[in-house]
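Before any comments, here is the structure.
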Amino acid sequence: MLVDEAGHIWVGHFDENPAGIRRWSPTGHIYWTSDGASIPGLFDCYALNVSGTTAWACTYTDFPLVEIRPDRSVRVWPNQVRGAKAVAIHGERVAFYGGYGEEVDRLTRGELTEASVEPTDVGLLTLPDGHLPGRRRAVSRGSRIYVQAEPFTAWGVVDLSS
């Protein structure tokens with residue numbers, strides 16, 4: 001759940017919840033739902049980002065990159081990165097963090113084209129001491145992915161704008 005700069009509340013449901021993605025007004029009225037939005041394979045919202053008043057998501061099972069604008073328009077880019085738990089956007093650049101199995105600490109950067117997301121490089125996200133995060137929390141906001149590793153006392157940040 002994230003709140004945009006206009007105070008709208010965005011929720012990306014998970015656990016195969018048919019509610020999908022929803023946006024509520026600051027006073028709690030449903031403003032937008034993903035019902036009928038033609039988002040392929042929307043069973044879970046794996047990653048949600050709100051930048052300004054636009055939401056971005058990666059959804060299970062097909063993992064497209066989805067842009068939802070305030071005018072309720074939706075744009076979908078096919079994406080080959082599977083299982084990302086966080087997504088950051090800056091202009092035409094995108095970063096995905098997370099994945100399945102050995103890819104849990106994967107950081108994939110890419111470019112948005114007219115037709116798809118094109119990965120440009122893949123690596124592992126490490127902590128400042130060089131270790132992998134292990135158990136962690138991740139959340140994205142605009143161009144940034146925030147990661148908090150156990151014991152959950154400090155946040156690290158990956159920023160596409162720098």
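The values are calculated or read from the model by the stated rules, or taken from the named source; none is laboratory data. Here the structure is a predicted model, which is why all the values come from computation and not from measurement. A quick note on method: Cβ atoms are made from the backbone with ideal geometry, for glycine too, and the neighbour counts reach across all protein chains shown. With ligands, DNA and RNA removed, areas are computed over all heavy atoms of the protein, side chains included. Shrake-Rupley method; radii C 1.70, N 1.55, O 1.52, S 1.80 Å.
For the reader, a short list of remarks on this structure follows.
- Residues in the stretch 88-104 that are of a type outside the set (Val, Ile, Thr) and surrounded by 13 or more Cβ atoms within 10 Å (Cβ to Cβ): 88, 90, 93, 95, 96, 97, 98, 99, 103.
- Where a residue in the stretch 92-113 is under 17 Å from residue 142 (Cβ atoms) and its partner, wherever it lies, is open to solvent by 50 Å² or more (accessible area, probe 1.4 Å) and assigned to a loop (DSSP other than H, G, I, E, B), with Cβ under 8 Å and at least six apart: 97/85; 112/92
- Considering (1) open to solvent by less than 50 Å² (accessible area, probe 1.4 Å); (2) part of a loop (DSSP other than H, G, I, E, B); (3) over 24 Å from residue 38 (Cα atoms); (4) in contact with a Pro (Cβ under 7 Å, 6 or more places away or on another chain), the lone condition that residue 127 does not fulfil carries the number (1).
- The residue that is modelled with the lowest pLDDT, among those in the stretch 1-15 that are part of a loop (DSSP other than H, G, I, E, B) and crowded, with 17+ Cβ neighbours inside 10 Å, is 13.
- For the stretch 91-108, residues that are in contact with a strand residue (DSSP E or B) (Cβ under 8 Å, 6 or more places away or on another chain) and farther than 15 Å from residue 47 by Cα total 2.
- Residue check for residue 97: under 25 Å from residue 10 (Cα atoms) and touching a Leu at 6+ places or on another chain (Cβ under 7 Å): yes
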